[in-house]
Structures are given as C-alpha cells and as structure tokens.
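**Student:** Got a structure for you, questions after.
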Amino acid sequence: FFRTSRGVKLTAEGEALYQYIAQAYNFIQNGERRIAGMHQLAEGEIKIGAGDTLCKHVLLPHLAAFHEAYPSIKIQVTNRTTAETMTLLKQGEIDLGIVNMPASDKAVDVRELLRIEDCFIAGEAFRHLAARPMAWEELMEYPLMLLEKGSATRSYLDHFAERQGRQVKPEIELGSVDLLVEFARRGLGIAYVVKTFITGELRAGQLHEIQLKKPTPPRGIGLATLKDVPLTAAAVTFIQRIQMAQPVEGA
C-alpha cells in the first residue's frame, strides 16, 4: 500500500494479494471463534468408552448431569470390555474410558474413581445358602453363573480362585450382568456380580448374598486417559465433574 492525504491505499499488487488474504483471514477468524466456543463449552465432542455395566451404573448418571449443563457438547459412548476400551484409547478412537481395575498400560494413565465389592447372589431357590458363610469347596458344588471369559470381572474372580487353589467351572456363562441377575432371580444358579450395583435388590429381598468365609477383596473402577496427550476442554470439564461427584472411597 502507499500513503495519500486521506490515508493509505492498496497498490495494484496489494489489491491482488488482498483477494487471497481476505479469504484466508476469514477462515482464521472462523477457526478462532470455534476454538473460543470449544473452550467456553458452547460446542465440542467427548468420546467415551465403557462396558455395559459401568456405563449403566457409573457413567450414565454423570452423562445426564453433564448434558443438562452443557447441551451443545456432543457425547459419543462406545460399549466395550475394559481390554477393548484400553485399545480404543491407545488408537485415539476415544478420549477417555471407564474401566475395571486393575488395568495397566505404560501408555495409559488410570485414576481410581471408586471402590466396588463383588459377591455371589441367588434367588429364592438357593436362599438357604445365605444362612451362613460358605467355604469355596462348598460353593463349587452348586451351579455357578459367571460373565464370559475376557471380561475384567471374570478375570478377577478366576485369578482369585487360582490363588485359593481352586478353578471356577461355571454351568452358565453370560455376556451381561443384568442377565446374570435375572437368571439368579429365576433360580437357575448362583451368580457372581458387583454387589455395589445391586444393593437395592439385596435390601428389598429380591436377591440374597451368598457369603464366603474368604470373599474376594474390593477392587477399583478407574478413569483411563492417554499419558502426555492433551484433552479437549469438554473432556477436561467432564473429568473434573465426575471426579468431584464420585470420590474414591476411603480417600
């Protein structure tokens, strides 16, 4: 450009260059506005991985509250096992995962959200077994119903049983905790489930806990994110909310 008595004016070269720069500058402004909107949570997306049970009992209550607070944020949930969720996280397919612990990977940071307890449950058909704590060898004489191999809950039980010198051989294997609960309610056997998630049914007497002389110890539910990878403002806010609302027991 060159100066005149009235200000400045573009040269012929300046006019030609401006036709290209103006369009690029508009794109930059639009990008800046979108980034600002994402930081202000006016738009954005969160991709979360979690198994069916964890999605229902841990994730869903927080998602409902988050969506009410930030309705413009898109939420995508992928239902997978803990092992599959960890793989999706490392592949960049999800931003964070809700996983069963123990879960470890050198590329993933797992922070405990809460502690849970597992237990064996039965319906009326096996209610008499709830009268006293049972030894493992006694329990093995009854029809057991477990989650399929590959699930974190099944692996946890199998490893614990091995440490007791036992091998768990279920008569029924299912892919859903809700199905295990229903099968137990109908008297088809004794199911191993997360006690923390069925306290209502136990209090109501719909199900009965079969106590063991040596029960499985409590374990954790964790929040998994990739190490050294920055999260979006929406993901950071969601993590902060879920950590504040769901403190680790005993902390």
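The values are calculated or read from the model by the stated rules, or taken from the named source; none is laboratory data. Everything numeric in this text was worked out from a predicted model, so none of it was measured. Cβ: placed from backbone, ideal geometry, glycine included. Neighbour counts: every protein chain shown. Just so you know, the surface numbers come from the protein's heavy atoms only, side chains and all, with ligands and any DNA or RNA stripped out. Shrake-Rupley method; radii C 1.70, N 1.55, O 1.52, S 1.80 Å.
**Student:** Which residue fluctuates most in the GNM of the chain (Cα springs below 10 Å): K106, K47, K227?
**Tutor:** The residue that fluctuates most here is K106.
**Student:** Further question on the same structure: Let me know the whole percent of all Cα-Cα pairs from region 107-246 that are separated by more than 26 Å.
**Tutor:** 33 percent
**Student:** For the chain, treating each Cα as an identical point scatterer without solvent, what Debye log10 I(q)/I(0) comes out at q = 0.11, 0.17 1/Å?
**Tutor:** These q points yield log10 I(q)/I(0) values of -0.69, -1.24.
**Student:** Something else now. Mean residue ellipticity at 222 nm from the helices of the chain, using -39,500 (n - 2.57) per DSSP H segment of n ≥ 4 over the full residue count, to the nearest 500 deg cm²/dmol?
**Tutor:** -11000 deg cm²/dmol
**Student:** Just to be sure I understand: with springs between alpha-carbon atoms less than 10 Å apart, which residue in K169, K195, K90 has the highest mean-square fluctuation in the Gaussian network model of the chain?
**Tutor:** Maximum among the listed residues: K169.
**Student:** Would you mind working out the magnitude of the charge dipole of region 117-185 relative to its Cα centre, with +1 at each Lys and Arg C-beta and -1 at each Asp and Glu C-beta, to the nearest 20 Debye?
**Tutor:** Value, rounded to 20: 120 debye.
**Student:** On to the next question. Please work out the ratio of the alpha-carbon Rg of region 106-156 to 2.2 N^0.38 Å and round it to two decimals.
**Tutor:** 1.59
**Student:** How big is the gap, in Å, between the Cα center of region 140-188 and the Cα center of region 78-116?
**Tutor:** When both Cα centres are located, 22 Å separates them.
**Student:** Extending each Cα 7 Å along its Cβ direction at R127 and R3, get the distance between those two points in nm, one decimal.
**Tutor:** Going from the R127 label point to the R3 one covers 9.7 nm.
**Student:** Still on this structure, I have one more. Given points 7 Å out from each Cα along the Cα-Cβ axis, report the K213 to S72 separation in nanometres with one decimal.
**Tutor:** That separation, rounded to one decimal, is 6.3 nm.
**Student:** Right, here's the next one. Sort D228, D109 by accessible area with a 1.4 Å probe, largest first.
**Tutor:** I get D228, D109, largest accessible area first.
**Student:** Separate question: Hey, got the dipole for the chain? About the Cα centre, +1 on K and R Cβ, -1 on D and E Cβ, debye to the nearest 20?
**Tutor:** About 560 debye.
**Student:** Sticking with this structure for a sec: How large is the Kirkwood hydrodynamic radius of region 41-132, counting all unique pairs of alpha carbons, in Å?
**Tutor:** Answer for region 41-132: a Kirkwood hydrodynamic radius of 15.3 Å.
**Student:** Now for a separate question. Can you compute the charge dipole magnitude of region 113-248 about its Cα centre, using +1 on each Lys and Arg Cβ and -1 on each Asp and Glu Cβ, nothing else charged? Give it in debye, rounded to the nearest 20.
**Tutor:** 380 debye
**Student:** Divide, for region 173-233, the radius of gyration over alpha carbons by 2.2 N^0.38 Å, where N is the residue count.
**Tutor:** In units of the 2.2 N^0.38 Å rule of thumb, it is 1.59.
**Student:** Moving to a separate point now. Select from A16, A65, A161 the residue whose mean-square fluctuation is largest in a Gaussian network model of the chain (Cα-Cα springs shorter than 10 Å).
**Tutor:** A16
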